[in-house]
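Worksheet for the structure shown next.
The values are calculated or read from the model by the stated rules, or taken from the named source; none is laboratory data. Here the structure is a predicted model, which is why all the values come from computation and not from measurement. Reconstructed Cβ throughout: ideal geometry from the backbone, glycine too, with neighbour counts over all protein chains shown.
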Amino acid sequence: MLATLIGLLGDFDLAEDAAQEAFATAAARWPEQGTPTNPRAWLITTARNAAVDRIRRDRKRDEKTRQLDTPQTVEAPVDEALDDTTFADERLELIFTCCHPALATDAQVALTLRTLGGLTTTEIAQAFLVPEPTMAQRLVRAKRKIKQAGIPFRVPPAHLLPDRLEAVLAVVYLIFNEGYSGRIDLAGEAIRLGRAIAELMPDEPEAHALLALMLLHDARREARLRDGELARMTGSPVVELNRAAAIAKAEGPQRGLEAVDRLEGLDDYRYLHSTRADLLRQLDRGQEARAAYERALALDPKDHERRFIERRLEQL
């Protein structure tokens with residue numbers, strides 16, 4: 001809905017305000033009058049009408065005070081068709097607008113997560129590890145840049161698509177990550193956008209690779225979110241070892257160590273010993289940790305793994 005309104009009005013802030021007003025109107029009317037046959041069309045029409053009324057009020061006010069320097073460039077006629085857009089998918093148009101090269105990369109990501117992913121300013125600030133006021137100002141500047149630069153709300157011409165692809169794919173991936181950590185609706189939205197981009201640019205391997213990656217991880221969702229499910233399906237002690245590492249992160253090293261010590265059949269598996277050593281190190285059981293690290297070294301680790309273990313032994 002927001003993507004459609006931004007396309008119709010050409011103004012992020014106006015579209016967001018109009019959307020909020022439409023939902024408030026729906027909350028007041030629908031319980032008494034019933035839900036419309038097409039709720040989305042009703043909300044968009046109500047929001048668009050509210051935006052047009054606001055534009056007209058602002059113009060009238062400015063005319064009366066004679067402070068109108070230039071005419072407003074955006075007005076959506078009430079009878080404009082809802083699907084009269086450059087591209088059939090307004091959300092794909094929105095992501096290309098948010099990922100315009102005139103914007104800094106962090107602004108591209110933040111604005112897309114806000115308008116397309118539906119994340120709050122607080123959630124985006126946490127993802128970027130910055131204070132909320134800083135992120136709020138970053139979003140305001142990005143919206144202002146789009147408006148002042150006259151960045152069009154459309155999928156760019158074919159010859160410009162490759163230059164924009166990297167940023168767009170990066171943002172889609174971030175949206176999927178947010179969904180993969182719990183917001184299932186965002187994961188589905190990212191996959192749908194990935195399909196649209198792959199169809200739009202069928203010769204770009206990166207687009208297909210990202211779509212494949214998202215589909216692969218999404219296919220594992222049920223096993224991932226059910227305790228022990230993957231271990232039950234495979235019967236693999238290696239899977240159990242990975243689960244023990246996750247338990248240690250979630251419940252503490254003692255619980256993780258207990259899970260590791262219950263495993264059988266992995267005495268010659270160096271990752272068992274290096275995992276156990278690290279948990280013992282976290283528990284300040286230095287002598288036992290050293291013995292476990294030395295056992296991992298004896299099982300011929302790769303060069304970078306050997307260097308890491310040797311640094312741990314020096315620290316102990």
Unique residue being under 9 Å from the mean Cα position of the chain (by Cα) and in contact (Cβ under 8 Å) with a residue 40 or more places away in the chain when the list is Val172, Val168: Val172
Consider only pairs whose beta carbons are under 8 Å apart and that are at least six residues apart or on different chains; among these, list those whose first residue lies in region 213-242 and is loosely packed, with under 15 Cβ neighbours inside 10 Å and whose second residue is among the β-branched types (Val, Ile, Thr) and modelled with pLDDT of 90 or more. Leu215/Ile191
Looking only at region 155-162, decide whether some residue is β-branched (Val, Ile, Thr) and touching a Ser or Thr at 6+ places or on another chain (Cβ under 7 Å). yes
Which listed residue is surrounded by fewer than 21 Cβ atoms within 10 Å (Cβ to Cβ) and touching a helix residue (DSSP H, G or I) at 6+ places or on another chain (Cβ under 7 Å), from Ala136, Ala104: Ala136
Taking region 163-183 and the residues there that are loosely packed, with under 13 Cβ neighbours inside 10 Å and under 15 Å from Met201 (Cβ atoms), the one that is modelled with the lowest pLDDT would be Asp163
Filter region 175-192 down to residues that are touching a helix residue (DSSP H, G or I) at 6+ places or on another chain (Cβ under 6 Å) and not β-branched (Val, Ile, Thr) and give me whichever is farthest from Gly10 (Cα to Cα). Tyr180
Can you find even one residue in region 267-276 that is assigned by TED's automatic domain parsing to the domain that holds Leu241, in a helix (DSSP H, G or I) and touching a His at 6+ places or on another chain (Cβ under 8 Å)? no
Look through Ala136, Ala127 and report the one residue that is out of contact with any Pro (no Cβ under 6 Å at 6 or more places or on another chain), closer than 23 Å to Asp13 by Cβ, part of a helix (DSSP H, G or I) and modelled with pLDDT under 80. Ala127
